[in-house]
Amino acid sequence: MIIAANLKTNLTRKATHKYMQKLDSCVQKSSQEVIVFPAISSLDAYKTDITVGAQNAYPVEKGAFTGEIGLEHLAEFGIKTILIGHSERRHILGESQEFIAKKFEYFKAQGFQIVYCVGEPLAVRESSKEEMLAYLYQQYEGIDTQYENLIIAYEPVWAIGTGKIPTLEDIEDIHSELKKKSSAPLLYGGSVKVNNVKDILQVKNVDGVLVGSAALYAEHFCTMIESADELDHI
């Protein structure tokens with residue numbers, strides 16, 4: 001399983017170092033692939049078995065792009081994993097599919113492990129299944145779905161940080177449809193919590209989870225990793 005944490009705009013550099021130290025002791029006992037995406041200002045060369053990724057970067061080595069970071073900044077910390085297409089960048093920061101695809105191609109050319117996010121808002125969710133799938137499939141435009149270092153994360157936008165979540169049957173249904181688009185590992189994200197992670201991880205075609213606010217406490221995230229380990233022994 002792939003167990004990933006998106007810390008978003010949370011935890012200072014000092015707090016993130018403490019977080020990673022706590023998490024590392026848990027990960028050393030685990031057989032799961034664990035990825036953590038710290039806030040941009042908290043990126044560092046952490047001495048850990050955890051894969052550290054960037055939540056965002058501009059598709060350039062360096063240059064005149066105020067407020068962004070480039071490949072040179074990631075290389076300083078040995079970072080080769082990036083999150084692309086997250087709903088907050090699509091819907092809050094206005095990244096277009098064209099730009100997202102450009103970013104994907106750039107970091108693909110650099111050999112990055114890419115965690116690529118797709119998802120739908122509530123209005124689309126409440127439409128027909130055909131319309132919902134068409135909306136999701138538009139987010140695959142310009143994306144190499146056969147890229148060997150690709151991980152896809154399905155995150156229903158309406159479930160992120162709301163405590164709402166699709167039924168397990170709904171997750172299985174959507175994941176089975178998305179698996180037809182790509183054989184890449186497929187994560188579920190959206191209100192994943194300590195008390196539901198084990199059930200979600202047992203759903204067919206769920207290859208792991210991308211966790212947001214529930215991963216901000218290392219102890220809670222460790223419990224999720226341990227839940228995945230327990231499933232390995234069932």
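Can you confirm whether Glu68 is farther than 30 Å from Gln21 by Cβ, in a loop (DSSP other than H, G, I, E, B) and open to solvent by less than 70 Å² (accessible area, probe 1.4 Å)? Talk me through it step by step, then tell me what you get.
Numbers: farther than 30 Å from Gln21 by Cβ: no; in a loop (DSSP other than H, G, I, E, B): yes; open to solvent by less than 70 Å² (accessible area, probe 1.4 Å): yes.
Taking the combined requirement at face value, the residue does not satisfy it.
Taking interchain pairs and intrachain pairs at least six residues apart, which have beta carbon atoms under 8 angstrom, with the first residue in the stretch 126-155 and closer than 19 Å to Ile2 by Cβ and touching a residue at least 24 places away in the same chain (Cβ under 8 Å) and the second part of a loop (DSSP other than H, G, I, E, B) and open to solvent by 60 Å² or more (accessible area, probe 1.4 Å)?
Thr145/Lys181; Gln146/Ser183
Going through the stretch 15-56 one residue at a time, which ones are open to solvent by 20 Å² or more (accessible area, probe 1.4 Å), more than 21 Å from Val209 (Cβ to Cβ) and not in a loop (DSSP other than H, G, I, E, B)?
Selection gives Ala15, His17, Lys18, Gln21, Ile40, Ser41.
Checking the condition buried (at least 16 other Cβ atoms within 10 Å of the Cβ) and outside any loop (DSSP other than H, G, I, E, B), which residue from Val209, Val192, Val203 passes?
Just one listed residue meets the conditions, Val209.
Does Ser191 satisfy the criteria of being touching a strand residue (DSSP E or B) at 6+ places or on another chain (Cβ under 9 Å) and closer than 21 Å to Leu83 by Cα?
Against the criterion (touching a strand residue (DSSP E or B) at 6+ places or on another chain (Cβ under 9 Å) and closer than 21 Å to Leu83 by Cα), Ser191 does not qualify.
What is the residue count in the stretch 1-14 for residues that are part of a helix (DSSP H, G or I) and in contact (Cβ under 8 Å) with a residue 24 or more places away in the chain?
Residues flagged as part of a helix (DSSP H, G or I) and in contact (Cβ under 8 Å) with a residue 24 or more places away in the chain within the stretch 1-14 amount to 1.
Considering each residue of the stretch 174-189, count those that are of a type outside the set (D, E, K, R) and open to solvent by 60 Å² or more (accessible area, probe 1.4 Å), and give that number.
Count: 1.
For Thr167, are the conditions met, namely being without any contact (Cβ under 8 Å) to a residue 12 or more places away in the chain and either aromatic (Phe, Trp, Tyr) or open to solvent by 20 Å² or more (accessible area, probe 1.4 Å) (or both)?
yes
Give the stretch 1-56 a look and list any residue that's of a type in the set (Asp, Glu) and either within 21 Å of Lys193 (Cα to Cα) or touching a His at 6+ places or on another chain (Cβ under 6 Å) (or both), or say none.
Selection gives Asp24, Glu33.
Which residue pairs have Cβ atoms closer than 8 Å, lie 6 or more positions apart in sequence or on different chains, and pair a first residue in the stretch 174-185 that is of a type in the set (D, E, K, R) with a second residue that is surrounded by fewer than 16 Cβ atoms within 10 Å (Cβ to Cβ)?
That search, which allows pairs on different chains as well, returns Lys181/Tyr137; Lys181/Thr145.
Among the numbered criteria (1) in contact (Cβ under 8 Å) with a residue 24 or more places away in the chain; (2) among the hydrophobic types (A, V, I, L, M, F, W, C); (3) open to solvent by 40 Å² or more (accessible area, probe 1.4 Å); (4) part of a helix (DSSP H, G or I), which one does Ala75 miss?
Unmet condition: (1).
Scan the stretch 124-131 and tell me whether some residue there is of a type in the set (Val, Ile, Thr) and under 17 Å from the mean Cα position of the chain (by Cα). Step through it out loud before you land on a result.
Filtering the stretch 124-131 for residues of a type in the set (Val, Ile, Thr) gives 124.
When the remaining residues are screened for being under 17 Å from the mean Cα position of the chain (by Cα), the result is none.
No.
Restricting to the stretch 81-101, count the residues that are open to solvent by 20 Å² or more (accessible area, probe 1.4 Å), assigned to a helix (DSSP H, G or I), under 23 Å from Leu43 (Cα atoms) and free of Cβ contacts under 8 Å to residues at least 60 places away in the same chain.
Our first condition is that a residue be open to solvent by 20 Å² or more (accessible area, probe 1.4 Å); within the stretch 81-101, this holds for 88-99.
If we keep only those that are assigned to a helix (DSSP H, G or I) too, we end up with 88-91, 97-99.
Narrowing the set further to residues that are under 23 Å from Leu43 (Cα atoms) leaves 88-90.
Next, only the ones that are free of Cβ contacts under 8 Å to residues at least 60 places away in the same chain stay: 89-90.
Residues meeting the conditions: 2.
Report the residue count in the stretch 109-133 for those that are within 15 Å of Val157 (Cβ to Cβ), open to solvent by less than 10 Å² (accessible area, probe 1.4 Å) and assigned to a loop (DSSP other than H, G, I, E, B).
Of the residues in the stretch 109-133, 2 are within 15 Å of Val157 (Cβ to Cβ), open to solvent by less than 10 Å² (accessible area, probe 1.4 Å) and assigned to a loop (DSSP other than H, G, I, E, B).
The values are calculated or read from the model by the stated rules, or taken from the named source; none is laboratory data. As the structure is a prediction and not an experimental result, all values here were calculated from the model. We place every Cβ from the backbone using ideal geometry, glycine too, and count neighbours over all the protein chains shown. Areas reflect the complete protein model, heavy atoms only, side chains present, ligands, DNA and RNA absent. Shrake-Rupley method; radii C 1.70, N 1.55, O 1.52, S 1.80 Å.
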